[in-house]
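Presented below is the structure to which this report refers.
Read-outs throughout are calculated quantities, based only on the coordinates presented, and are distinct from any laboratory measurement. From a predicted model like this one, the values you see are computed outputs, not experimental measurements. Cβ: placed from backbone, ideal geometry, glycine included. Neighbour counts: every protein chain shown.
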Amino acid sequence: MAVASDNCRDPFYAFGDLDGLEVLTQATRIAQLESPYGDWCRAITTTPADLMKLPAGRIAPGLEANLIVFKARYFSELFSRPQSDRTVLRQGKAIDTTLPDYAELDDLLTIDRSSIEV
């Protein structure tokens, strides 16, 4: 199983943030993915990586340490909060996860702003 979302702040859904954890959290609520958790958490790790033939979604000796560390001991804690204090590792080193100002994203967004009411 894999889950997906139009969570990318594009003309079809202007509220996305490209957050895989949010997609999994929403899928957990919508599809009622409850315990026992079993292998369904692979829906945002190994399953999509395998479908796209990417060497991602795995932790093992010798693999690149590209992963996200959350302050949660259980899935119930992981899904209960937004986890904005996560640590993102690229090749084993923590990277800056400061979100860009929205103005920095303007060139990436192709929505006709004149049609948006605030």
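Report summary: the helix-based calculation at 222 nm, which adds -39500 (n - 2.57) for every DSSP H run with n ≥ 4 and divides by the residues of the chain, gives -5000 deg cm²/dmol. Net charge in the neighbourhood of Asp50 (other residues with Cβ under 12 Å of its Cβ; Lys, Arg +1, Asp, Glu -1) is +3.
Sparsely packed loop sites in segment 49-90 (the trypsin sites (Lys or Arg not before Pro) outside DSSP H, G, I, E and B with at most 11 other Cβ atoms within 10 Å) comprise Lys53, Lys71, Arg73. Seen against the Cα atoms of the chain and their longest principal axis, helix 20-30 is set at about 80 degrees. Taking Leu99, Leu89, Leu63 in turn, the Gaussian network model of the chain (Cα-Cα springs below 10 Å) assigns the largest fluctuation to Leu99. Shown here for segment 23-100: chymotrypsin sites (Phe, Trp or Tyr not before Pro) in loop regions (DSSP other than H, G, I, E, B) with at most 10 other Cβ atoms within 10 Å, namely Tyr74. A straight line joining the Cα centroids of segment 56-88 and segment 1-35 runs 16 Å. Computed on the Cα trace of segment 20-109, the radius of gyration divided by the Kirkwood hydrodynamic radius gives Rg/Rh = 0.99.
Looking at segment 1-98, which GluC sites (Glu not before Pro) are in a loop (DSSP not H, G, I, E or B) and have at most 16 other Cβ atoms within 10 Å? Qualifying residues, ordered by number: Glu34, Glu64.
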